[in-house]
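Before any comments, here is the structure.
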Amino acid sequence: MTDRVPLTVAVDDERCRGHGVCWSLCPEVFTLTDDGYAEVSAAEVPPQFEGAVRDAYESCPERAITLS
Ligand code: F3S
């Protein structure tokens, strides 16, 4: 068994403009504040959501999502 390095995700609140694409692609990881901006509810992405989080990363019009 190989050790898995967890994918971590963050939203840069200086860049986020509230497009909501991230939340629509993966509401299990991204939540929207009352103001409509994104927050991450799980910085370490559960393996089953990695694909959706990568899609969100590529789809955010503001490039506000970072993966590491
Ligand atoms: Fe914000 Fe991008 Fe999501 S602008 S709401 S992080 S799609």
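Expressed as a whole percent, the accessible area of the chain that falls on carbon and sulfur atoms is 47 (1.4 Å probe). When every Cα-Cα distance of the chain is counted in 5 angstrom steps from zero, the calculated P(r) takes the values 4, 20, 33, 24, 11, 5, 2, 1, 0 percent.
Over the chain, what is the relative contact order in percent, taking alpha-carbon pairs closer than 8 angstrom and at least six residues apart?
Dividing the mean separation by the residue count of the chain yields 44 percent.
Note down the magnitude of the dipole of the chain about its Cα centre, charges +1 on Lys and Arg C-beta and -1 on Asp and Glu C-beta and zero elsewhere, to the nearest 20 debye. Could the numbers behind the result be given before it?
On the way: 5 positive and 13 negative charges, 42 e Å.
Rounded to the nearest 20 debye, it is 200 debye.
Find the accessible area per residue for the chain; the probe is 1.4 Å, ligands and nucleic acids are left out, and the unit is Å². All intermediate terms of the calculation are to be shown ahead of the outcome.
Working: 4520 Å² over 68 residues.
In whole numbers, the chain has 66 Å² accessible per residue.
The values are calculated or read from the model by the stated rules, or taken from the named source; none is laboratory data. As the structure is a computational prediction, the values presented were derived from the model and not from experiment. Methodologically, a virtual Cβ is constructed for each residue, glycine included, from the backbone with ideal geometry; neighbour enumeration extends over all protein chains shown. We work out accessible area using only protein heavy atoms, side chains counted, and drop any ligands, DNA or RNA first. Shrake-Rupley method; radii C 1.70, N 1.55, O 1.52, S 1.80 Å.
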